[in-house]
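Please read the structure below before turning to the comments.
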Amino acid sequence: MKLAKQRQWLLIVIIVLVLLTAGAIGWLFRYQSKPGGPVNNFQECVNAGGVMTMTYPEQCYIYEKVYHNPNQHLNADGTGTN
């Protein structure tokens, strides 16, 4: 009976280790594999191929973040400037 308990605990430990390893690998692929390097601003987002929106000011979406074009501003009357 004692041997069966040891095998059960060993199986639990192995399953937990496999899940932790799979989670770590998933995290690495999700958050570390960014082609073209890290993106920290609007222009880097554009250069990395981020998704551009048809808004004013322009917005660029990449890696679940949004960057706004700092060269475009709305005036008080709603008109834009570049």
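Would you mind calculating the relative contact order of region 38-82 from Cα pairs under 8 angstrom and at least 6 residues apart, reporting the percent as a whole number?
This gives 28 percent for region 38-82.
What FRET efficiency do you get for T53 and L19 if R0 is 35 Å and r is their Cβ-Cβ distance, rounded to the nearest 0.05?
Details: r = 38 Å, r/R0 = 1.09.
Using R0 = 35 Å, I get an efficiency of 0.40.
Where does region 38-82 land on Rg(C-alpha)/(2.2 N^0.38 Å)?
1.19
Throughout, read-outs are computed from the coordinates displayed, never taken from laboratory work. Owing to the predicted nature of the structure, the values given are computational and were not obtained by experimental measurement. Positions of Cβ are generated from backbone atoms using ideal geometry, with glycine treated the same way; all protein chains shown enter the neighbour counts.
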